[in-house]
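Structure first, then comments.
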Amino acid sequence: MDNQHHNVHLLLGGNLGAVETTFQKVIHELEALECKIIKSSGLYESPPWGFEAEQSFLNQVLLISTSLSPQELLKTTQIIENKLGRTRDIESKGYTSRNIDIDILYYDDITLELNHLKIPHPQIQNRRFTLLPLVEISSGFMHPIFQKSNNELLEICNDHSTVTKK
């Protein structure tokens, strides 16, 4: 770990169990690992994206400050997911219902492409449920690849699913 602090946007999502309580537990776990929460969006409800499910999803974006590297942060978020009961269906080829999912959206303004981690998250511009909470807390933040603000990405997003703030 370096001592430099990095600004990271995380997306929390889930549609199983007490999702709001799970989100609070994620925040508590992050803070216990010296990740400072700078801002958090409201909660947004949306239909499943990329698959069918009866339960709607809740999503929330957090802006955190951390000294963890991108790889360390990914490992940390996966540990938190597992601790909170996330199970991954290795048989499933696509998206599935889950109690918690933590995605790294942006890490400062870097781009990174590894087998298991891509920054910025490759689906930001395609997901209204990600862009709405992102715009709430970081509307002017520039996507490092597209060179468009989150607000501009929302304006041109082709996802027209209904996303409502709770």
- Inside region 120-165, can you point out the residues that are open to solvent by 40 Å² or more (accessible area, probe 1.4 Å), within 19 Å of residue 56 (Cβ to Cβ), of a type outside the set (D, E, K, R) and in contact with a Pro (Cβ under 9 Å, 6 or more places away or on another chain)? 162
- Query: Yes or no: residue 100 at pLDDT 95 or above, open to solvent by less than 40 Å² (accessible area, probe 1.4 Å), touching a Ser or Thr at 6+ places or on another chain (Cβ under 7 Å) and within 16 Å of residue 62 (Cα to Cα)?
  - Reply: no
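Residues of region 61-84 being open to solvent by 60 Å² or more (accessible area, probe 1.4 Å) and within 19 Å of residue 106 (Cβ to Cβ), which ones?
71, 72, 75, 78 - these are the residues of region 61-84 that are open to solvent by 60 Å² or more (accessible area, probe 1.4 Å) and within 19 Å of residue 106 (Cβ to Cβ).
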- Please find, among 131, 68, the residue that is part of a helix (DSSP H, G or I) and among the aliphatic types (A, V, I, L, M). 131
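On the basis of being over 20 Å from residue 136 (Cα atoms), surrounded by 15 or more Cβ atoms within 10 Å (Cβ to Cβ) and touching a residue at least 40 places away in the same chain (Cβ under 8 Å), does residue 58 make the cut?
So residue 58 does not fit the description; no.
The values are calculated or read from the model by the stated rules, or taken from the named source; none is laboratory data. Bear in mind that the values here come from a model prediction, so they are computed numbers and not experimental data. Methodologically, a virtual Cβ is constructed for each residue, glycine included, from the backbone with ideal geometry; neighbour enumeration extends over all protein chains shown. All accessible areas refer to the heavy atoms of the entire protein, side chains included, with ligands and DNA or RNA removed. Shrake-Rupley method; radii C 1.70, N 1.55, O 1.52, S 1.80 Å.
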